[in-house]
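Structure record follows, encoded as structure tokens.
The values are calculated or read from the model by the stated rules, or taken from the named source; none is laboratory data. Everything numeric in this text was worked out from a predicted model, so none of it was measured. Because the Cβ atoms are built from the backbone with ideal geometry, glycine has one as well, and the counts that use them run over all protein chains shown.
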Amino acid sequence: MDKKIIYVYSTKGGVGKSTISINLAFYLKKIHKKVTLLDMDFAGPSIPLLLEKNYKNKLKMKNFYIIPFKKNGLNISSIGFIKSPNEISFLTGKYLEGAINQFLNEELFKISDIIIVDMPPGFGEFHRYLFTNYPGKVILITIPHFLSKENLKRGLTLLKHINIPILEIIENMAYFECLNCKKKHQIFGENITKKEFPFKIIQIPFNINLEKSVLSKQKMFSKNIDNIFKEIASDIINEVQ
């Protein structure tokens, strides 16, 4: 089970977890893997807002388990497809655990080679339960800003405490590459380094097209960004084989 789950996680919101999760899931699907994109942000699901206009009645039930729906060959699941993503779900204790178990279930694992889990930000009861009961590998997302770096350290402390392995760190919006002068500009701050964080670090440049769904038939990315996502997808494939 654990080899199938890849958590896309950050202790800070607004760093691009959902956008990266969507693009990564579709890149993995291109490699002809059975991939599920699972939005586990119960309080503020983003996947439905980014992918679908018609929210409700997308998911089905089987033996009290929630079953994803398919879109372009990708399995997709989110509480935002049960109720409007603008509605907030406050779940705690056994209710929270029950909801998690309904989404991450044996039927899901049967239809999935890889499960990309778009995690909510933070480090609380939800995260501890999910990481310890459904172990997997973590891709940490950050941006080049001092506050995000401090939150990254907190996330690393949590993952180390509960012994969850880290696949790599993605520094989103790492720089802006000017089309005119061809120079890289660090618009948010200095990039993280291996000296600070001794893991594989992948930098994704600032690109306005990144937040557009990969369902678009238009070519959205430069060859550089295309190769970056192919590299991340390849890293995941190597982990789950």
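Residues in the range 183-203 that are outside any loop (DSSP other than H, G, I, E, B) and at pLDDT 90 or above: I201, I202, Q203. Scanning the range 111-125 for residues that are modelled with pLDDT of 90 or more and either under 11 Å from L38 (Cβ atoms) or over 14 Å from the mean Cα position of the chain (by Cα) (or both) returns I111, S112, D113, I114, I115, I116, V117, D118, M119.
Residue pairs whose Cβ atoms lie under 7 Å apart, sitting 6 or more positions apart in sequence or on different chains, and linking a residue in the range 93-105 that is among the polar types (S, T, N, Q) to a partner that is crowded, with 16+ Cβ neighbours inside 10 Å, are Q102/I66. The residue pairs whose first member lies in the range 158-180 and is modelled with pLDDT under 90, whose second member is loosely packed, with under 14 Cβ neighbours inside 10 Å and in a loop (DSSP other than H, G, I, E, B), and whose beta carbons are closer than 7 Å, counting only pairs six or more residues apart or on different chains, are Y175/Q186; F176/I187. In a residue-by-residue description of the range 80-97, the property of being modelled with pLDDT of 90 or more and buried (at least 20 other Cβ atoms within 10 Å of the Cβ) applies to no position. Summed over the range 147-188, the residues that are out of contact with any Gly (no Cβ under 8 Å at 6 or more places or on another chain), under 18 Å from S10 (Cα atoms) and not basic (K, R) give a count of 22. Scanning the range 123-168 for residues that are among the small types (G, A, S) and buried (at least 19 other Cβ atoms within 10 Å of the Cβ), we see that the one that is farthest from Q186 (Cα to Cα) is G136.
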